[in-house]
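Read through the structure below, which is laid out as structure tokens, and then see the notes.
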Amino acid sequence: MEDVVATHPTVDASNPDIQLEDPVHPFRSLLIATLLFVVPASLPAAPNTDKTFVKDTRSYLTRLSRFGFAGVVLVEQDGKVVFSEGYGYSDRENKVRWSSRSIGDIGSITKQFTAAAILMLEQDGKLSVTDPLSRHFNDVPDDKRDITLHQLLTHTSGIHDLEDAGDYDPIERDEFMRRIFAQPLASKPGETWAYSNAGFSILGAIIEQITGQSYEMFLRQRLFVPQKMQDTGYIIPKWDPKRVVHGYSHEGPWGTGIEKPMGKDGPYWALRANGGIHSTAEDMRRWADALLDGKALSNQSMKKLWAPQADEGGGEQWYGYGWDVQTMANGDTLIGHDGGNGIFGATLFIVPRQHLVFFLQTNVCDELPFWGGILQNVVRRMHDGEAYPSIPDIANVPASQLTAVAGSYAFDDSNTVDVTPDADALRLTAHGWDAFAIVSSTRDVNLPRCRDLSRRIHRIMAGATNNDFIPLADAYGKGLTPEYLKNSWEKNMAGWTEKHGAFRDFEILGTAMLRERDMTLVRLNFEKGEEYRAYVWDKDDEHNLRGVSGRGLSAQVHLVPVTGGGFASWDPRSGDSRPFQFESQNGDKTLRLNAGAQAFLAQTR
């Protein structure tokens, strides 16, 4: 999971990676980022259903699969499946490929089932979303007695997740509630939107108390089986092990979610009712259809489920009951949510007026951080007719072609780039702020701006390493106090020094201008290792520091040979790509990078 600063208690509502500079956070749905895109007014308002959608989508996902994407994408319109294809392996060890019947962890999409269950119990007359916690639990502390189910459903309760509690820690319901009630609130109930997994686990406890059933059993009987969702659940479905998805990270195989520690009737309570449910693309399509067709909930309940209940910040995106809600530029409402645990990921989008359903599942979130933007691009292509972003078409070239262009290239005396072969590709390492900006940026480069942002972060880092957090607080300018930032920095530093030994110094590697934001990369050097921090800037406001990511930008650029000649960069964090050319004349080698009207040349020294 990214550790990124933001002004929200959990995330910056316009960025997939941005959250408060605090080392302990739940994995937050990436939907916040994928929803916040602007549909140009010139694009068509009606869905695009021509045959080229399937061809274009297959080409886009096939190219992505060559860069490591593995998963399934399903698109439905008016109850008809338009596209449903799997890519890569759901189980590498046994060579099982992804399909719409692959069973994987859908993460925080679980929350919408919890919300639907609460509304179903309200329909039954068993509770009301206006109920305070004191109606359902004894001995509720005074500061939490009046928290309502509505506030839990909309992440406005002020309750935050248990500290030092992992998804699979053996925490039973009574202990979970005792610890939650003992924690101080992060904010006054109803005052602030702040993503809270714990709030939905409390709702799960209420479901169990009222029904006398396990959370999963109630969902299965009342939500899943009636909609023929036989493959959705925690432990009740008797899945064929060959269909269960295995997860992978940079460190190797992670295993499956159902292999992890669980109680006798489902996950322990740091995860139950807020995440961890397994499902398939086919079942999630059935779920979306049930909601759209009024088969799961009453009209009154559906209005609550998908209503824009709580502003997530800035008035651009709202939270309903277990769903994010946004109005698209053409007036359509986009409903969605996604989630995962940093290994597995899933996203569900619905455009109710067009009866459009989009679903994605993957098991390579750690290897391909860009996964959260993939379904966004599918939505843009289907709903708006927008072309897919360029993905390099990898070509196989002999090793001699890679070694032929290796060497050190100079833009000027102080800005150079080393080019070295890396398996079947090339690795570029920039030295100097201008060189870093030139090779790492993915839009037109403004070198004076990049230098200025790098200088500002240098001042901030110099202050932080000398216990002065006023420059960092001033850069945010959004109410983050020096005391808060100092505490966050010290927590992070404690973890780094435990891992790498004593802190030595820092280095500003440079600033890159990316498609959606600018980033300044810092390397922190320790006695036995290093850490990287990418400070995130608003690309349209040079004074707005938005956050800091632990892995939002790489110190090196990866180039792949492409069909037709030349090379292209590929960033698995952002999905961005740019063309590079190597030229040779009279023994002199030149690296050429064209960016719009700009052309940068570097020659071997």
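Scanning the range 291-301 for residues that are buried (at least 19 other Cβ atoms within 10 Å of the Cβ) and either under 21 Å from residue 207 (Cα atoms) or under 25 Å from the mean Cα position of the chain (by Cα) (or both) yields 291, 296, 297, 301.
Look at residue 105 and say whether it is charged (D, E, K, R), modelled with pLDDT of 95 or more and in contact with a His (Cβ under 6 Å, 6 or more places away or on another chain).
So residue 105 fits the description; yes.
Give the range 454-495 a look and list any residue that's in a helix (DSSP H, G or I) and among the small types (Gly, Ala, Ser), or say none. Let's see the steps before the verdict.
Filtering the range 454-495 down to residues in a helix (DSSP H, G or I) leaves 454-464, 470-476, 482-495.
Those that are in a helix (DSSP H, G or I) and among the small types (Gly, Ala, Ser): 454, 462, 463, 464, 473, 475, 488, 494, 495.
Taking the criterion of being touching a residue at least 12 places away in the same chain (Cβ under 8 Å) and outside any helix (DSSP H, G or I), the residues of the range 207-236 that qualify are 214, 228, 229, 230, 231, 232, 233, 234, 235, 236. Across the range 402-453, the qualifying residues are those that are surrounded by 15 or more Cβ atoms within 10 Å (Cβ to Cβ) and assigned to a loop (DSSP other than H, G, I, E, B), and the one among them that is farthest from the chain's Cα centre (by Cα) is 406. In this structure, does residue 497 turn out to be in the same structural domain as residue 454 (by TED's automatic domain parsing), buried (at least 19 other Cβ atoms within 10 Å of the Cβ), on the phi < 0 side of the Ramachandran plot and not charged (D, E, K, R)? So residue 497 does not fit the description; no. Reported count of residues in the range 551-598, each being closer than 27 Å to residue 536 by Cα, more than 26 Å from the chain's Cα centre (by Cα), small (Gly, Ala, Ser) and modelled with pLDDT of 85 or more, is 0.
Inspect all residues belonging to the range 113-130 and state whether any of them is closer than 19 Å to residue 199 by Cβ and charged (D, E, K, R). Taking every residue of the range 113-130 in turn, at least one turns out to be closer than 19 Å to residue 199 by Cβ and charged (D, E, K, R). Checked against (1) in the same structural domain as residue 280 (by TED's automatic domain parsing); (2) farther than 20 Å from residue 68 by Cβ; (3) small (Gly, Ala, Ser), residue 340 passes all but condition (2).
Does residue 389 qualify as being surrounded by fewer than 21 Cβ atoms within 10 Å (Cβ to Cβ), not assigned by TED's automatic domain parsing to the domain that holds residue 101 and not aromatic (Phe, Trp, Tyr)?
Yes, satisfied.
Looking only at residues of the range 254-278 that are at pLDDT 95 or above and within 12 Å of residue 344 (Cα to Cα), we find that the one that is surrounded by the fewest Cβ atoms within 10 Å (Cβ to Cβ) is 255. Scanning the range 312-328 for residues that are at positive phi and surrounded by fewer than 23 Cβ atoms within 10 Å (Cβ to Cβ) turns up 313, 314, 315. Scanning the range 396-411 for any residue that is in contact with a Pro (Cβ under 9 Å, 6 or more places away or on another chain) and among the hydroxyl-bearing types (Ser, Thr, Tyr) turns up at least one such residue.
Which of the residues that make up the range 496-538 are part of a loop (DSSP other than H, G, I, E, B), aliphatic (A, V, I, L, M) and without any contact (Cβ under 8 Å) to a residue 60 or more places away in the chain?
Here is the first cut: in the range 496-538, the ones part of a loop (DSSP other than H, G, I, E, B) are 501-502, 514-517, 527-528, 538.
Keeping just the survivors that are aliphatic (A, V, I, L, M) gives 502, 514.
Result: 502, single match.
May I ask you to verify whether residue 283 is at pLDDT 95 or above and either assigned by TED's automatic domain parsing to the domain that holds residue 160 or not in a loop (DSSP other than H, G, I, E, B) (or both)? It would help to see each step written out before you state the result.
On the way: at pLDDT 95 or above: yes; either assigned by TED's automatic domain parsing to the domain that holds residue 160 or not in a loop (DSSP other than H, G, I, E, B) (or both): yes.
It is true that residue 283 is at pLDDT 95 or above and either assigned by TED's automatic domain parsing to the domain that holds residue 160 or not in a loop (DSSP other than H, G, I, E, B) (or both).
The values are calculated or read from the model by the stated rules, or taken from the named source; none is laboratory data. Since we're looking at a predicted model, the values are computed, not measured. Heads up, the Cβs are rebuilt from the backbone with ideal geometry, glycines too, and the neighbour counts pull from every protein chain shown.
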